[in-house]
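Participant: Submitted below is the structure of interest, expressed as structure tokens.
The values are calculated or read from the model by the stated rules, or taken from the named source; none is laboratory data. Please read all numbers here as calculations on a predicted model, not as lab measurements. Here the Cβ positions follow ideal geometry from the backbone for every residue, glycine too, while neighbour counts run over all protein chains shown. Accessible surface areas use protein heavy atoms only, side chains included; no ligands, DNA or RNA. Shrake-Rupley method; radii C 1.70, N 1.55, O 1.52, S 1.80 Å.
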Amino acid sequence: MLTRPTPVVGAPAVEAGLKVLFIGGTGVISAAAAERAVAVGHQLTMLNRGNTVIRAIPPGVELLSADIRDTDSVRAALGARNFDVVADFVAFTPDQVAADIALFTGRTGQYVFISSASAYQKPPARLPIRESTPLRNPFWQYSRDKIACENLLVRAYRDDGFPVTIIRPSSTYDRTRIVLTGGWTDIARLRAGRPVVVHGDGTSLWTVTHSSDLAKALVGLLGLPQAVGDSFTITSDEYLPWNTIYQLFAEAAGAPPPRLVHIASQTIAAAAPQLGPPLLGDRSHSVIFDNSKVKALVPEFVCTTSFATGVRDIVNWYDANPDQQIVDHDLDATFDRLITVAQTP
């Protein structure tokens, strides 16, 4: 039997709560959405493999153990159950989405697909980025796969009425996610007073959204008939230059004033190929988003966690969890080589 928690102050009342299924539920975005969904009174079921322990599962959530890639195990776990909403947080490729369409057609009133704002045109021809901005990213396969997923879902909606809602978040974080290019490796360098690599000249603008803020909009769209067949950008309205983002991390980490070495994104990508696609296909471009569409349907969507506050929470969490302070020594050496070349007359 599911228990009903006290609703969140300021959240809209839900008459009887929706029957909601989250596929995943323990990631940066999905864990915050789960907490919000339970708090506003929805009856939440999570289906996942039960492997992640970093983020707590809210009390009252029903857990189903199955691998979403194993259709037989999912069918066995779900039985004949239907849901008001199904949200898949771990679908990344068209074949995975096609399996969801086959599995949930006729079994849900709304299917929520978590796409990505990186699917928007790169480089953007104009700002701010809106839902009408073309979807095209020649730099990053991840983004192209998300676009292909969206295309498949839009066809399913137009041809067969499959009730999809598409969500496009940008860079979203909680206390476990360092948005710097080098992750904890950059924090370690900052604390040691060593120079850090910043792509471009550090003045391109980046939008970062706290997961608890994004959850307000995402959960607010659940069960809304106006959201079916449509897509929504969900990001913070706060945008910062990358130089400022590095400076905020340095301050939060108690590091000396940061020594920022600016290097072309293409040069970084050539030296560290694993950084290339997200850097060239997303981070190196200034992005400002227009969130008016989602705000029109979810007026309670107001971002209240500034990045300056969020950064302190991130550093505090890592300081309390030293086992998560992982330095990538190969990347660290690559940064040293890039800096040496950049500083050689």
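Participant: What do you reckon, is Leu279 within 30 Å of Leu152 (Cα to Cα), in contact with a His (Cβ under 9 Å, 6 or more places away or on another chain) and either at pLDDT 95 or above or open to solvent by less than 10 Å² (accessible area, probe 1.4 Å) (or both)?
Facilitator: So Leu279 passes the test.
Participant: Testing Glu300 on (1) without any contact (Cβ under 8 Å) to a residue 12 or more places away in the chain; (2) assigned to a loop (DSSP other than H, G, I, E, B), one condition comes back false. Which one is that?
Facilitator: (1)
Participant: Go through Pro322, Pro345, Pro299 for me and flag whichever is closer than 17 Å to Ile178 by Cβ and out of contact with any Phe, Trp or Tyr (no Cβ under 8 Å at 6 or more places or on another chain). Lay out the reasoning, then the answer.
Facilitator: Details: Pro345 fails: closer than 17 Å to Ile178 by Cβ; Pro299 fails: closer than 17 Å to Ile178 by Cβ.
Among Pro322, Pro345, Pro299, only Pro322 is closer than 17 Å to Ile178 by Cβ and out of contact with any Phe, Trp or Tyr (no Cβ under 8 Å at 6 or more places or on another chain).
Participant: Output the number of the condition that Lys293 fails; it satisfies all remaining conditions of (1) within 24 Å of Trp184 (Cβ to Cβ); (2) outside any loop (DSSP other than H, G, I, E, B); (3) open to solvent by 30 Å² or more (accessible area, probe 1.4 Å); (4) in contact (Cβ under 8 Å) with a residue 40 or more places away in the chain.
Facilitator: The one condition Lys293 does not meet is (1).
Participant: Being more than 30 Å from Ala56 (Cβ to Cβ), of a type in the set (Ser, Thr, Tyr), out of contact with any His (no Cβ under 9 Å at 6 or more places or on another chain) and in a helix (DSSP H, G or I) is true for just one of Tyr157, Tyr142. Which residue is that?
Facilitator: Details: Tyr142 fails: more than 30 Å from Ala56 (Cβ to Cβ).
Going through Tyr157, Tyr142 in turn, the sole match is Tyr157.
Participant: State whether the residues of segment 74-94 include one that is among the β-branched types (Val, Ile, Thr) and within 16 Å of His42 (Cα to Cα).
Facilitator: Yes: segment 74-94 contains one or more residues that are among the β-branched types (Val, Ile, Thr) and within 16 Å of His42 (Cα to Cα).
Participant: Any idea which residue in segment 137-153 is most open to solvent (accessible area, probe 1.4 Å), counting only those that are closer than 21 Å to Lys293 by Cα and without any contact (Cβ under 8 Å) to a residue 60 or more places away in the chain?
Facilitator: Ranking the qualifying residues of segment 137-153, first place goes to Asn151.
Participant: Kindly provide the set of residues from segment 251-270 that are among the hydrophobic types (A, V, I, L, M, F, W, C), in contact with a helix residue (DSSP H, G or I) (Cβ under 7 Å, 6 or more places away or on another chain) and either open to solvent by 40 Å² or more (accessible area, probe 1.4 Å) or in contact (Cβ under 8 Å) with a residue 12 or more places away in the chain (or both), ordered by number.
Facilitator: Result: Ala252, Ala253, Ala255, Leu260, Val261, Ile263, Ile268.
Participant: If you take the residues in segment 55-67 that are closer than 17 Å to Leu44 by Cα and in a loop (DSSP other than H, G, I, E, B), which one is most open to solvent (accessible area, probe 1.4 Å)?
Facilitator: Pro59
Participant: Okay, next question. Restricting attention to segment 304-335, report how many residues are exposed (fewer than 14 other Cβ atoms within 10 Å of the Cβ), within 24 Å of Ile263 (Cβ to Cβ) and of a type outside the set (A, V, I, L, M).
Facilitator: Total satisfying the criteria: 2.
Participant: Which ones in segment 160-214 are part of a helix (DSSP H, G or I), open to solvent by 20 Å² or more (accessible area, probe 1.4 Å) and of a type in the set (Lys, Arg)?
Facilitator: Correct list: Arg191 only.
Participant: Has segment 255-265 got at least one residue that is modelled with pLDDT of 95 or more, β-branched (Val, Ile, Thr) and within 23 Å of the chain's Cα centre (by Cα)?
Facilitator: Start the filter on segment 255-265 by keeping residues that are modelled with pLDDT of 95 or more, which leaves 255-265.
Those still in the list that are β-branched (Val, Ile, Thr) too: 261, 263.
Next, only the ones that are within 23 Å of the chain's Cα centre (by Cα) stay: none.
Checking segment 255-265: not a single residue is modelled with pLDDT of 95 or more, β-branched (Val, Ile, Thr) and within 23 Å of the chain's Cα centre (by Cα).
Participant: A further question follows. Select from segment 39-53 the residues that are part of a loop (DSSP other than H, G, I, E, B) and open to solvent by less than 80 Å² (accessible area, probe 1.4 Å) and list them in ascending order. Reasoning before the result, please.
Facilitator: Here is the first cut: in segment 39-53, the ones part of a loop (DSSP other than H, G, I, E, B) are 40-42, 49-53.
Correct list: Val40, Gly41, His42, Gly50, Thr52.
Participant: I'm checking my understanding of the structure. Among residues of segment 223-250 that are without any contact (Cβ under 8 Å) to a residue 40 or more places away in the chain and of a type outside the set (S, T, N, Q), which one is farthest from Ile147 (Cα to Cα)?
Facilitator: Filtering segment 223-250 for residues that are without any contact (Cβ under 8 Å) to a residue 40 or more places away in the chain and of a type outside the set (S, T, N, Q), the one farthest from Ile147 (Cα to Cα) comes out as Pro241.
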